[in-house]
Structure formats: structure tokens, C-alpha cells
Amino acid sequence: MSQATTKKEPLLKRMQTKEFWALKGDPVIWLIVLLLAIISIVSVFSASSFLANSRGISKIDCFFEQLKYVVIGLAFLIVCYLVPAKWYRTLSFPIFGLSLILLVLLQFMGVTLNGAVRGIRIGSHTLQVFEIAKVGLVLYLARVWEAVDINTFKRYFLLILLPIIVVCGLIIMNSFSTAMLVALLAILILFVIGIKPWYLWATIGGGIVVLVLLFGIYKTMDPNKPDSEKSSIEKIFNRFGTAEGRVKDFIGGGRMERSGDTVDLTQEQLDEMRQSENAKIAISEGGIFGKGPGKSTQRYSLSMAFSDFIYAFIVEEYGLLGGIFVLLLYIWFLNRGIELSTKCNTEFGGITVVGLTLLIVAQAMLHILVNVRLIPITGHTLPLISHGGSAYIVLCGAFGIILSLSRTQIEQTGKKLQGKTAKNA
């Protein structure tokens with residue numbers, strides 16, 4: 001059968017072949033995904049004491065719940081991996097449009113989780129909209145950069161900067177730290193793709209000015225005003241108080257609670273301070289080799305040990321060596337992602353791979369830096385390790401997209417080599 005005939009075969013027929021289901025793509029990334037999944041199952045099971053007690057269930061139930069999310073996540077990863085790379089180019093704008101619709105719906109249908117509105121309730125599950133928006137923005141930036149010649153600031157503003165502003169603006173009403181992460185991700189992508197330097201500096205400078213102005217407006221408002229009496233404009237600043245409290249506590253070295261200076265803080269902020277202190281204790285007690293699997297003591301007081309502070313928990317049980325191993329996995333993934341992006345045959349593929357890689361690694365680094373008390377609390381989970389849910393599944397999908405593009409790059413490289421060999425024969 002000729003190569004041209006093979007290309008015309010229906011997808012359903014090709015799915016019935018062993019070659020279609022053979023795992024290809026970057027083997028290192030497959031290995032990293034597997035290792036992260038194993039670490040997730042083991043760590044969440046051990047760290048779920050507080051979660052189990054709060055729900056009135058056993059740790060075995062928590063284990064099977066996390067196992068379920070890991071299995072679903074890996075299944076979704078394989079589905080995204082099997083989707084032809086060219087489909088992501090076609091679907092990039094619709095996915096981004098869907099993410100904008102979900103962000104708008106979040107303002108009206110969102111459910112509160114840990115003091116903030118982050119998801120939309122679908123049956124008994126909660127859809128984490130922010131994760132979809134992150135992936136959607138990466139796909140959009142990759143597609144628009146490939147499709148349009150951004151040769152004027154007007155085009156840059158309308159096609160790139162304005163969509164970023166809209167996404168960050170919709171997110172900041174419910175999660176200040178997530179909006180800052182998305183902004184950072186966008187800046188990194190713009191830098192990597194080689195946008196004009198003055199465009200980039202104008203964007204950064206303008207962003208800082210806008211942020212300062214927003215905080216100035218926030219400080220003129222009544223912090224004790226009930227949410228029911230706030231106008232639509234005032235609701236934009238709902239999370240600014242949380243961000244301010246986190247920064248103050250970080251600058252004060254966590255002394256606000258110990259000094260009793262907590263009169264103006266919400267219960268959510270007080271809980272975050274206590275968790276940050278417990279995370280610090282967990283890391284300190286872990287030492288070099290850790291206490292050993294299942295021997296953590298802070299898991300009983302560190303209520304978010306299975307999610308926002310799971311890295312501190314890993315260090316407590318597996319020590320500095322365990323913490324370094326997890327850190328190196330993400331650094332290894334960053335290296336492979338950047339290397340793969342340089343080998344992609346299309347701009348869309350290269351930008352998508354590096355963008356999704358930066359998304360995953362940036363979130364992991366923020367999580368780790370928070371856990372070791374180098375930056376204020378952000379509330380970000382550790383990708384593919386923290387307790388699962390729709391966020392876990394979406395990030396698995398991001399890995400699947402990277403592996404799909406990796407598979408395509410390897411197949412195209414192989415065809416080129418076969419063509420050269422045939423010519424030389």
C-alpha cells in the first residue's frame with residue numbers, strides 16, 4: 001500500500017492497527033509522567049489523614065479516589081496524545097473561545113472552594129475553569145503568531161495583548177495569584193517567540209502601572225462592605241485583600257499570627273498562615289533522608305498537605321533527597337520540552353510545546369517556592385502530584401498535547417530520513 005493511500009485511510013480503520021496504538025513520542029516525557037503519577041498516588045494516600053477525617057471516610061477511600069483521578073487523567077492524556085497534531089491547530093481558536101465562555105460563566109455559576117470561586121459545578125463534580133483557560137491561551141497565542149504577521153503595535157495589541165488582558169481580567173476577580181501566573185506565562189511565551197523588545201517592555205511596564213492603579217483603587221474601598229452590597233466594579237477587587245494579607249504575612253516572616261496582629265484578617269487568611277507555618281515545620285523535620293513513608297506528623301495539622309502543600313509533606317517523609325528528586329523531574333521535563341520545541345517543524349508546534357512546558361513547570365516552581373517560604377502563598381497545586389480533580393485531568397491533557405506534537409515531529413523526521421535514504425540508494 002502506498003504512503004498516499006495510507007494517509008487517506010479513515011481514522012477508524014487506522015485505529016484498528018497495532019501501529020496506531022504503539023506509544024511513540026518523547027520517551028523521557030513518558031517516563032516523567034509515569035514517575036509523577038506514582039509519586040502522586042503514594043504521597044496523596046499518605047498525606048490524606050486530614051482529608052479523610054474531614055470527610056468522615058477512610059484513607060483507603062482517599063487512595064482509590066486519587067487512583068481514579070490518576071487513571072482518568074492518564075486516559076485523557078492518551079486520548080490527547082492520539083489526536084493528530086494538526087487538529088490542535090484547527091481547534092486552538094474554539095478551545096480559547098470555550099475557555100472565555102467558561103470564565104464568564106464562572107462569574108455567575110461559580111462555586112466557592114477554599115475561600116475563592118474557581119470552578120463550575122457539573123453534577124457532583126467541579127470543573128476547574130482556570131486550568132482550561134491556561135491551556136486555551138497557550139494554544140491561541142501559538143496559532144495567532146503562526147497565522148498573522150504581527151508587524152505593527154496595533155496588531156500586537158488587538159490580537160495578542162488584548163486577549164491576554166481579557167483572560168487575566170476575568171481570572172483576577174476570583175484568583176489574584178492565578179491571574180499573575182497567567183500574565184507571567186504570557187510574558188515568557190512572548191519572550192520565547194521573539195516579540196519586538198519594546199513591545200515586551202511596554203507590556204511589562206503597562207502591566208505594573210495597571211496593577212498599582214488597581215491596588216490604589218482597592219485601598220479607597222471599604223473592606224468591611226458585604227459582598228451583597230458591592231457593585232460589579234467593586235467585586236473585581238474581591239481577591240486583592242487576600243493577596244495583600246499574603247504579602248504582609250510573607251514580609252513579616254509569618255509573625256502576624258504569632259504577634260496577635262490578625263484583627264483585620266479573614267478566617268481563610270488565618271488558615272493559610274497556620275498552614276504555611278506547619279509546612280515550614282514539616283520541611284525542617286524532614287532533614288536529609290526524611291521520616292520515612294507514612295511517618296509524617298504534620299499531615300494531621302497541615303490540612304492541605306494533599307494539595308497546596310504536598311511538596312512540604314514529601315520533604316517531611318522523604319527528606320531533602322526526595323524534594324530534590326521531585327524538583328529535578330520538573331527541571332528534566334523543562335529541558336526536554338525546550339529541546340522538543342526547537343525540533344518541531346511548525347511554529348505552532350514549537351510555541352505550543354514550549355508554552356505548555358512553561359505552564360506546567362512555572363506552576364510547579366511556584367508551588368515549591370511557596371512551600372519552602374521563598375514567596376507568598378499562591379494556592380497553586382503541584383502538577384500531576386497534588387490531589388486530583390478536573391485540574392489534574394486538564395494538566396494530563398497538556399502533557400498529552402506535548403506528546404502528540406512530539407510523536408508528529410519524530411514521524412516527520414523519520415519520513416525525511418527514509419526519503420534521503422531512498423534517494424541515495
Inset, instruction - Take segment 63-87 and flag every residue that is in a helix (DSSP H, G or I), touching a Ser or Thr at 6+ places or on another chain (Cβ under 7 Å) and farther than 17 Å from Ala391 by Cβ. - result: Tyr81, Ala85
Inset, instruction - With respect to Leu91, determine if the residue is free of Cβ contacts under 8 Å to residues at least 60 places away in the same chain, in a helix (DSSP H, G or I) and either open to solvent by 80 Å² or more (accessible area, probe 1.4 Å) or closer than 30 Å to Ala147 by Cα (or both). - result: yes
Inset, instruction - Test Val326 against the stated conditions and say whether it is among the β-branched types (Val, Ile, Thr), closer than 21 Å to Leu67 by Cα, modelled with pLDDT of 95 or more and part of a helix (DSSP H, G or I). - result: yes
Inset, instruction - With respect to Ile120, determine if the residue is in a helix (DSSP H, G or I) and of a type in the set (Val, Ile, Thr). - result: no
Inset, instruction - Go through segment 300-353 and give me each residue that's charged (D, E, K, R) and out of contact with any helix residue (DSSP H, G or I) (no Cβ under 9 Å at 6 or more places or on another chain). - result: Glu339
Legend entry - Within segment 135-188, tally of residues that are within 19 Å of Thr381 (Cα to Cα) and among the hydroxyl-bearing types (Ser, Thr, Tyr): 3
Inset, instruction - Would you kindly identify the helices (runs of 4 or more DSSP H) lying entirely within segment 178-277 that contain at least 1 residues that are farther than 23 Å from Met304 by Cα and either modelled with pLDDT under 90 or hydroxyl-bearing (Ser, Thr, Tyr) (or both)? - result: 197-219, 232-235, 255-259
Legend entry - Phe306 vs. criteria buried (at least 24 other Cβ atoms within 10 Å of the Cβ) and in a loop (DSSP other than H, G, I, E, B): yes
Legend entry - Count - residues of segment 51-74 that are within 21 Å of the chain's Cα centre (by Cα) and either open to solvent by 50 Å² or more (accessible area, probe 1.4 Å) or at positive phi (or both): 5
Legend entry - Odd one out for Ile160 among (1) within 27 Å of Tyr218 (Cα to Cα); (2) modelled with pLDDT of 95 or more: (1)
Inset, instruction - Could you check Tyr311 against (1) open to solvent by 10 Å² or more (accessible area, probe 1.4 Å); (2) more than 17 Å from the chain's Cα centre (by Cα) and say which number it fails? - result: (2)
Inset, instruction - For segment 139-159, indicate whether the set of residues that are crowded, with 23+ Cβ neighbours inside 10 Å and among the β-branched types (Val, Ile, Thr) is non-empty. - result: no
Legend entry - Residue that is most open to solvent (accessible area, probe 1.4 Å) [pool: residues in segment 75-88 that are of a type in the set (A, V, I, L, M) and within 28 Å of Val148 (Cβ to Cβ)]: Val83
Inset, instruction - Being over 30 Å from Gly119 (Cβ atoms) and aliphatic (A, V, I, L, M) narrows it down to one of Ala183, Ala179, Ala202, so name that one. - result: Ala202
Legend entry - Residue tally, condition among the hydrophobic types (A, V, I, L, M, F, W, C), free of Cβ contacts under 8 Å to residues at least 12 places away in the same chain and under 20 Å from Asn151 (Cβ atoms), over segment 166-201: 3
Inset, instruction - Please verify whether segment 353-369 includes one or more residues that are under 30 Å from Glu244 (Cα atoms), in contact with an Asp or Glu (Cβ under 9 Å, 6 or more places away or on another chain) and open to solvent by less than 10 Å² (accessible area, probe 1.4 Å). - result: yes
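The values are calculated or read from the model by the stated rules, or taken from the named source; none is laboratory data. Quick caveat, the model's predicted, so the values are computed rather than measured. Ideal geometry is used to build each Cβ from the backbone, glycine not excepted, and the neighbour counts take in all protein chains shown. Side chains included, ligands, DNA and RNA excluded: accessible areas come from the protein's heavy atoms. Shrake-Rupley method; radii C 1.70, N 1.55, O 1.52, S 1.80 Å.
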